[in-house]
Amino acid sequence: MVGRKDQPSDTPPSLGAPSVTETLLRSEREARQRAERALSEAKVSERDLQTRLGHALLERDEARFAGSRLDGEKSVLTAALDTERTARMTAEKALQRALASNISAKAG
C-alpha cells in the first residue's frame, strides 16, 4: 500500500482532509457571498442617496418658488407704500394750504 502517513491508503481522498481545490472553492464562495452582500448594501446606499437628493431638489425648488412669490409680494407692497406716501404728501400740502388760507382769512 502506497499512501500518506496521515491517511490510510484504502480511504478515498474525499473523506480525508479537504483538498486544496475544495479549500479554494470554499474561499471563492465566501468571497463571492461577501461581494454580493457588499453590492447589495451599495445598491441600498445608492437608493438612499438618490432619495435624499430628490428631496433636496424638491426643497430647493420650493424655496425658489417661495422666494419668487415673496419678491412679487414685496413689489406689490412697495407700490402700495409709494402710493400711500404720495397721498400723504398731497394731503400735507393741502393741509398747509388750508392752514395758510385760514390764517390769511383771520388776519384780513
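The values are calculated or read from the model by the stated rules, or taken from the named source; none is laboratory data. This one's a predicted model, so the numbers in the text were calculated from it and none came from an experiment. Cβ placement follows ideal geometry from the backbone for every residue including glycine, while neighbour counts extend to all protein chains displayed.
Key figures for this structure:
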{"quantity": "Criterion (part of a helix (DSSP H, G or I), surrounded by 10 or more Cβ atoms within 10 Å (Cβ to Cβ), more than 37 Å from the chain's Cα centre (by Cα) and free of Cβ contacts under 8 Å to residues at least 12 places away in the same chain) met by exactly one of L49, L77, L25", "calculated": "L25"}
{"quantity": "Within the stretch 80-108, tally of residues that are surrounded by 10 or more Cβ atoms within 10 Å (Cβ to Cβ) and either of a type outside the set (K, R) or touching a helix residue (DSSP H, G or I) at 6+ places or on another chain (Cβ under 6 Å) (or both)", "calculated": "20"}
{"quantity": "Number of the exception - T11 against (1) outside any helix (DSSP H, G or I); (2) of a type in the set (V, I, T); (3) modelled with pLDDT of 95 or more", "calculated": "(3)"}
